[in-house]
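For reference, the structure is listed below as structure tokens.
The values are calculated or read from the model by the stated rules, or taken from the named source; none is laboratory data. Please read these numbers as outputs of a predicted model, since none were measured by experiment. For neighbour counting, all protein chains shown are included, and Cβ atoms are generated from backbone atoms with ideal geometry for every residue, glycine included. Side chains included, ligands, DNA and RNA excluded: accessible areas come from the protein's heavy atoms. Shrake-Rupley method; radii C 1.70, N 1.55, O 1.52, S 1.80 Å.
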Number of protein chains: 4
Amino acid sequence: MLDQTRGVYIVTQTPFDDAGAVDLPSIDTLVDFYLKHGADGLTVLGVAGEAGKLTPQEARAVAGRFIRRAQGRPVVVGVSSASVAQLRELTAEVMDLGAAGVMIAPPGGLRTEEELFSYFATVFREIGDVPTVLQDFPFSTGTWMSVASILQLVERHPQIQVLKEEDLPSITKITKLREAQGRRIAILTGNNAMFLPLEMGRGIDGPMAGFSHPEMLSGVYRLFQQRQVEEAHDLFDAYLPLLSYENQSQWGVAVRKEVLRRRGAIGSAAMRSPGPRLTPVDLGEIDRLVRRTAAAAARWN
Amino acid sequence: MLDQTRGVYIVTQTPFDDAGAVDLPSIDTLVDFYLKHGADGLTVLGVAGEAGKLTPQEARAVAGRFIRRAQGRPVVVGVSSASVAQLRELTAEVMDLGAAGVMIAPPGGLRTEEELFSYFATVFREIGDVPTVLQDFPFSTGTWMSVASILQLVERHPQIQVLKEEDLPSITKITKLREAQGRRIAILTGNNAMFLPLEMGRGIDGPMAGFSHPEMLSGVYRLFQQRQVEEAHDLFDAYLPLLSYENQSQWGVAVRKEVLRRRGAIGSAAMRSPGPRLTPVDLGEIDRLVRRTAAAAARWN
Amino acid sequence: MLDQTRGVYIVTQTPFDDAGAVDLPSIDTLVDFYLKHGADGLTVLGVAGEAGKLTPQEARAVAGRFIRRAQGRPVVVGVSSASVAQLRELTAEVMDLGAAGVMIAPPGGLRTEEELFSYFATVFREIGDVPTVLQDFPFSTGTWMSVASILQLVERHPQIQVLKEEDLPSITKITKLREAQGRRIAILTGNNAMFLPLEMGRGIDGPMAGFSHPEMLSGVYRLFQQRQVEEAHDLFDAYLPLLSYENQSQWGVAVRKEVLRRRGAIGSAAMRSPGPRLTPVDLGEIDRLVRRTAAAAARWN
Amino acid sequence: MLDQTRGVYIVTQTPFDDAGAVDLPSIDTLVDFYLKHGADGLTVLGVAGEAGKLTPQEARAVAGRFIRRAQGRPVVVGVSSASVAQLRELTAEVMDLGAAGVMIAPPGGLRTEEELFSYFATVFREIGDVPTVLQDFPFSTGTWMSVASILQLVERHPQIQVLKEEDLPSITKITKLREAQGRRIAILTGNNAMFLPLEMGRGIDGPMAGFSHPEMLSGVYRLFQQRQVEEAHDLFDAYLPLLSYENQSQWGVAVRKEVLRRRGAIGSAAMRSPGPRLTPVDLGEIDRLVRRTAAAAARWN
């Protein structure tokens, strides 16, 4: 189901209420918000979705709710886990629930290509024939994959249909991947979309990222489809100060949830503990940046 | 239940069959083997118990089986997880099943004392009043705790009743911990017992370690109880070559399981994938070391 | 000499010729370029200055050349080294050459506050009474310092007169540092100035960062001095796309050197091996971003 | 000069006086001690030799003193450095002084095979035709090399004539290396010789390790030469408790220096700061272990 992947995949937040419980109704409003702002697909239970803080049952419930609300749009579910058994189980469950595929990053602590290949041999033997997004996010996982290693994995495992590329620099890696021989797979990029127009220029198939203003992601993507490269940069640049502000790892996620709350997409900006809490000073900065972003976006239109 | 902890806690293996499924009947024979060789308590689902490869249901089943077979001996269950929610859930379940307490190591990626304290504040608020073994195993977790930090955690959280100390050198840290003021807690030591007689001499309350020959662990412990220090060293030294051979991280676990299989304690030496596989060369070395250990132990008796 | 530090400190590149030799004449043109664009001081031999690729003699020669050309402006010299003896020697040499002070980051592998304090006790005993910038750059060093640890170091060591803050998020850490009691020291910020106007708003004393367009750094600083906060943001935002493009670790340094070469500041954009090399595709992106930056800056004026 | 390497290479300590200065006269007594106890060659300026605490001039002076005193035995000099320029300079200097070759470990932070190969391409282009020991010590460097990567480096760089293997488990890696096709190089093993008889059984060419009792290393080596395998194990086992005690990273080095001091090999046991200091409790343990080692060794003879 992922083999023709292209377009705008939004990496979703997981809404919690102020007591730290999963807020399922907010998933519905959040999905509606994403679709209204141009999402072609969703990626749930990623790092920015606080997937690592859930129980398996919660993960299943969250994924199921997103899938049901997505009105047939493809939903990719992050299933990375230190435990292959847990990864396999969640994979089977979410595929039953209607996921388009799963996203898998290598765990930390894989230290050589040999260990990397051995890990994925086990994983793909266990999960079977499931469409998979391979996530290359070394600053989060601690496991680095060279271009040669990624191509080797693609060669060995037909399940890999998409690469989520978020090494840094992503742009040089994208060019090397696109110049390589072998089976073509889709490349979507993360890193909070910090280099989206350049990545589009290097030949990716779209963003797979989160942002409080997904209309920018879809706008840049559509402009590139229409070969309006300068305009795509103009639009991107209008949002870049806020995008960069949200690009501060888990603290940036707290900001993003606060802005999504202000825009009515979710009921509470709370992150599950342990996690950052915003202060009045932080909120004042958000006021300024949101106001400036609105003004810049208005100038652009 | 753990506040008077002392004695010999064996860190258990998790038996799998050759197809990789949990082998529950082997848990019974393994517990009997441990008890016969002097275990006062058991610690299940540790790193050497391949806990990270199980699903939560499997973890629950394994812990329950160990607890039932332990005939009232205290069983500590490792519940460490990247997800506090999952940690909390497993804690509640195993306490219901009759565990004496849980063992918790900080996750990787805690980089300052501030983050360490914040993590455990969340954990203990979530799990409530559960007797806890704090595991200090930085080479496995990647999170280092100074003596001052450990004392601070003990001060803040009355749930911490035992410290499993397996930093290196453990011995100097033990002395500093024992010389410190504050609430006294039990200290048991891991690191595959590589420094057990020295650690006993520094004032610990017993080992919490795995070994294919637990009779050495209990023997050294009893000799120290009887103040037979030289004899304790003699016994330890007789087993040290094999102990050291098993002290090679996950590959050493494969060795230990093979020796336990040969001794009739478990049905299969298999580790769950991804994990090491022993070769004929490896098995030949085990032949030699087991034979030599038997001879040295015989000389000692 | 650093105790009243405030203003714009530019983190300098080290120029090499195409064969990889240090290009001393380019240091002169580079210093002139920095001063013309508003530098109040210079920081030489930082991470972005490829300090780790030099021999001690080369480091001395480079530092000396920068100091002589700086016309009395304060020059801070990075002296961090795995070897305290080497750090002490370079410190003595550059202070003799007229440096205003040195910058020191903890080495990697300090894993607890205890080890951190012990390291700096040794360092400051060895170097004696030398004005020092403490560099908090954990993503480069691998050693994390909490706010409490930094304050403790400031308390213990009067030599620390400036903190170069480049943890992420820097902004929340700056607020905590400014709210804390104790001896006030200057705070300058790095991270390629990616958050400069927000950091200024949080109370720092200026940037200590590198950029191919230092006129932006000095411009933002002066506007904040005049309390023109919105204008400072406007100026910053005009340069942000290029700034972000240069903010890609060592590859970003290659970009910066190329832009500095185009602006006539240095003779060659070469980095010493091993290091990145720019491709025609990369150079094309630089064309676009430099052109767009010029247009945005022109609109701003 | 290293292409026929076999035998016992002792990894040397660097003697300091109590004030922390290099103690050159103790180098002479230390070399004499090593040679008397069976050293065929020496390896100076390794991790256990506190190489990282020296200035380049000190490193040169230490290496030169060892070389002069070694009476023509081959001396390998560790030249690993974060700076390739510094590595190249020290290499040229010690080869001029008469070193048999240099030992190089990859720096930390090489994250893929691509980066590893690129690093060594730069290094060997810079140092030219110098006999080299490639050091595989990932737990110290943080850079892992698979068997395939090591073979690739050996293939590319004829300078590599010896591999110092100290990954864990070393034994399985040795077997894979010996079974591989390609140019044969010598393999010596480190890790404080903790697995020496097993490594000999797997086909290595000798130890390259430090120990306060080098007579054990040379004894085990000679017994293996005479195919007296059981006797080699017997000898090894007699020393294993003390060997293991010294195998506690930098703290273990402090122990080793203390025992070497007691045996008259060096004038002071001091380590250069920052480094561990032994307490009376530690010294009491050393008393016991040295006494027990002497008794066990006497039983063996």
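Scan the range B:126-143 and tell me whether some residue there is part of a loop (DSSP other than H, G, I, E, B), over 15 Å from B:Leu45 (Cβ atoms) and within 12 Å of another protein chain (Cβ to nearest Cβ). Within the range B:126-143, one or more residues are part of a loop (DSSP other than H, G, I, E, B), over 15 Å from B:Leu45 (Cβ atoms) and within 12 Å of another protein chain (Cβ to nearest Cβ).
If you scan the range D:50-72, which residues turn out to be outside any helix (DSSP H, G or I) and either under 21 Å from D:Arg256 (Cβ atoms) or within 12 Å of chain C (Cβ to nearest Cβ) (or both)? Scanning the range D:50-72 gives D:Glu50, D:Leu54, D:Thr55, D:Ala70.
When A:Gln228 is tested against (1) open to solvent by 20 Å² or more (accessible area, probe 1.4 Å); (2) in contact (Cβ under 8 Å) with a residue 40 or more places away in the chain; (3) farther than 20 Å from C:Leu196 by Cα, exactly one condition is not met: (2).
Among residues of the range B:40-67 that are free of Cβ contacts under 8 Å to residues at least 12 places away in the same chain, those with a beta-carbon under 6 Å from a residue that is of a type in the set (Gly, Ala, Ser) at least six positions away or on a different chain give the pairs B:Gly52/A:Ala82; B:Gly52/A:Ser83; B:Thr55/A:Ala85.
Considering only the range A:210-220, I want to know if a residue exists there that is part of a loop (DSSP other than H, G, I, E, B), under 27 Å from A:Ala99 (Cα atoms) and of a type in the set (Phe, Trp, Tyr).
Yes, the range A:210-220 contains at least one residue that is part of a loop (DSSP other than H, G, I, E, B), under 27 Å from A:Ala99 (Cα atoms) and of a type in the set (Phe, Trp, Tyr).
In the range A:27-35 there is no residue that is over 18 Å from A:Leu188 (Cα atoms) and either in contact with an Asp or Glu (Cβ under 8 Å, 6 or more places away or on another chain) or within 13 Å of chain B (Cβ to nearest Cβ) (or both). One residue stands out in the range A:249-273 among those that are within 14 Å of chain B (Cβ to nearest Cβ) and crowded, with 17+ Cβ neighbours inside 10 Å: the one that is modelled with the lowest pLDDT, namely A:Ser273. Restricting attention to the range B:107-125, the residues that are assigned to a loop (DSSP other than H, G, I, E, B) and either basic (Lys, Arg) or away from every other protein chain (no Cβ under 11 Å) (or both) total 1. Considering each residue of the range B:95-105 in turn, at least one proves to be part of a helix (DSSP H, G or I) and either within 14 Å of chain C (Cβ to nearest Cβ) or open to solvent by 40 Å² or more (accessible area, probe 1.4 Å) (or both).
Within the range A:11-46, can you find the residues that are farther than 15 Å from A:Ala99 by Cβ and either touching a Gly at 6+ places or on another chain (Cβ under 8 Å) or among the basic types (Lys, Arg) (or both)? Even if it seems obvious, please write down each step before you answer.
Taking the range A:11-46 first, the residues farther than 15 Å from A:Ala99 by Cβ are A:13-26, A:28-30, A:32-40.
Answer for the range A:11-46, where residues must be farther than 15 Å from A:Ala99 by Cβ and either touching a Gly at 6+ places or on another chain (Cβ under 8 Å) or among the basic types (Lys, Arg) (or both): A:Gln13, A:Thr14, A:Pro15, A:Asp17, A:Asp23, A:Pro25, A:Ser26, A:Thr29, A:Phe33, A:Lys36, A:Gly38, A:Asp40.
Only residues that are crowded, with 20+ Cβ neighbours inside 10 Å and out of contact with any strand residue (DSSP E or B) (no Cβ under 8 Å at 6 or more places or on another chain) were counted across the range C:67-84, and they come to 3.
Would the range D:278-285 turn up any residue that is touching a residue at least 40 places away in the same chain (Cβ under 8 Å), farther than 18 Å from D:Tyr9 by Cα and not acidic (Asp, Glu)? No; the residues of the range D:278-285 include none that is touching a residue at least 40 places away in the same chain (Cβ under 8 Å), farther than 18 Å from D:Tyr9 by Cα and not acidic (Asp, Glu).
Annotation: of all residues in the range A:4-36 being outside any strand (DSSP E or B) and among the β-branched types (Val, Ile, Thr), the one that is most open to solvent (accessible area, probe 1.4 Å) is A:Thr29. Report yes if D:Ala92 is touching a helix residue (DSSP H, G or I) at 6+ places or on another chain (Cβ under 8 Å), open to solvent by less than 10 Å² (accessible area, probe 1.4 Å), part of a helix (DSSP H, G or I) and more than 30 Å from A:Glu113 (Cα to Cα), otherwise no. The answer is no for D:Ala92. Taken over the range A:158-172, the criterion of being open to solvent by 20 Å² or more (accessible area, probe 1.4 Å) and either among the polar types (S, T, N, Q) or more than 10 Å from every other protein chain (Cβ to nearest Cβ) (or both) is satisfied by A:Pro158, A:Gln159, A:Gln161, A:Thr172. Taking the criterion of being within 12 Å of B:Leu260 (Cβ to Cβ) and touching a Pro at 6+ places or on another chain (Cβ under 8 Å), the only residue of the range B:1-22 that qualifies is B:Ile10.
Within the range B:278-293, the set of residues being open to solvent by less than 60 Å² (accessible area, probe 1.4 Å) and either more than 13 Å from D:Ile171 (Cα to Cα) or at pLDDT below 95 (or both) comprises B:Leu289, B:Val290, B:Arg292, B:Thr293.
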